[in-house]
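Inspection log for the structure reproduced underneath, given as structure tokens.
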Amino acid sequence: MDHPDPSASSRDRAAVARSWRRYFDPQPGDAAELPLPDPEVDLGPFLRDIIPGTAQRPWMGRNRDLAAHFAGIEVEFLGSPRIAHVLACTIVCLRRDAENPVARRIFWRILTEMGPEVAVMLNSRWLTSICDTVVDIAENDLDRAAALMGTLFINTLKIAETERRLYLPARPWPPQTRLRSGGHIYDGVQTIYTVTPGDVAGLLDRIERGLQLDTPLRPVLIELIHRAIEGDNCVNRIISLTGQPKRPLAPAEALAAVKKIMERL
């Protein structure tokens with residue numbers, strides 16, 4: 001196994017510090033400038049530079065000073081490539097000013113130039129934030145529709161799990177018996193038939209076909225849905241009840257390529 005070149009790591013760290021001086025070494029005259037890198041910066045060093053430390057729990061505050069806010073969210077990305085933190089900072093900026101050209105340019109460059117690599121670095125919270133942001137700033141209907149699919153999917157899961165965890169009693173898993181017959185929910189919508197895997201298999205097949213989209217959101221959606229299938233939520237539990245195998249929504253060769261990329265970081 002090749003060992004990383006410490007001098008190369010140092011060069012990347014120095015390049016990141018120079019390129020993002022307004023964050024790492026702000027000067028008195030920088031107050032009027034957005035504390036982001038130049039929109040045409042070389043993103044390579046940001047992908048290779050690992051932020052020292054171990055990721056901590058999210059900082060959920062809000063600071064009017066953008067550089068201070070960037071520092072607050074950085075704790076989530078300790079141990080990850082700096083590019084993940086930069087992307088999160090562009091999202092913060094775009095939530096405050098959706099038309100900001102610098103934040104827009106860096107945000108779209110990261111998704112377009114290194115979307116598959118960045119998608120595997122981020123947790124579902126930030127993957128969802130990408131989708132929310134694209135819904136707000138997309139310049140074409142395909143990107144906005146793809147992002148809306150991810151936002152609706154995850155927030156529907158959140159609604160279902162919030163009701164269960166806040167208002168329904170704890171129950172053994174797997175369940176020992178059915179408590180109700182299921183059937184009609186509302187307006188012609190029926191419960192999933194869990195005796196056979198047909199309903200769930202059809203859903204997963206349709207998702208796979210639907211994800212064949214020419215949009216930089218594709219790797220984000222793949223990660224969001226794959227992690228939902230693997231996570232502790234109603235989708236995962238229904239899949240386990242039907243006996244439907246959990247499967248990745250990306251081809252094996254694509255997953256292997258991403259794994260190799262991550263091993264080099």
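Rule-based calculations on the coordinates, nothing more; no lab input. Because the structure is predicted, anything quoted here is derived from the model rather than measured. All Cβ positions, glycine included, derive from the backbone under ideal geometry; neighbour counts span all protein chains shown.
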Dipole axis of the chain (+1 Lys, Arg; -1 Asp, Glu on Cβ), positive-most option in 85, 188, 148:
188
Loop-only check: which trypsin sites (Lys or Arg not before Pro) in segment 150-183 are DSSP coil with at most 15 other Cβ within 10 angstrom?
178, 180
So how strong a dipole does the chain carry about its Cα centre when Lys and Arg Cβ are +1 and Asp and Glu Cβ are -1, to the nearest 20 debye?
940
At 37 °C and 0.692 mPa s, the Stokes-Einstein diffusion coefficient in µm²/s for segment 6-122, with hydrodynamic radius from the Kirkwood sum on alpha carbon pairs, is 227
Of the candidates 148, 157, 168, which one comes out as most mobile in a Gaussian network treatment of the chain with C-alpha springs shorter than 10 Å?
168
Dipole magnitude of segment 85-170 about its Cα centre, charges +1 at Lys/Arg Cβ and -1 at Asp/Glu Cβ only, in debye to the nearest 20?
300
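May I ask you to derive the FRET efficiency for residue 191 and residue 212 from their Cβ-Cβ distance with R0 = 25 Å, giving the value to the nearest 0.05?
Efficiency computed from Cβ-Cβ geometry: 0.30.
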In whole Å and largest first, what semi-axes does the C-alpha gyration tensor of the chain yield when each eigenvalue is scaled by 5 and square-rooted?
38, 21, 18
So for R0 = 25 Å, FRET eff. of residue 99-residue 60 from the Cβ-Cβ r, to 0.05, ends up at 0.45
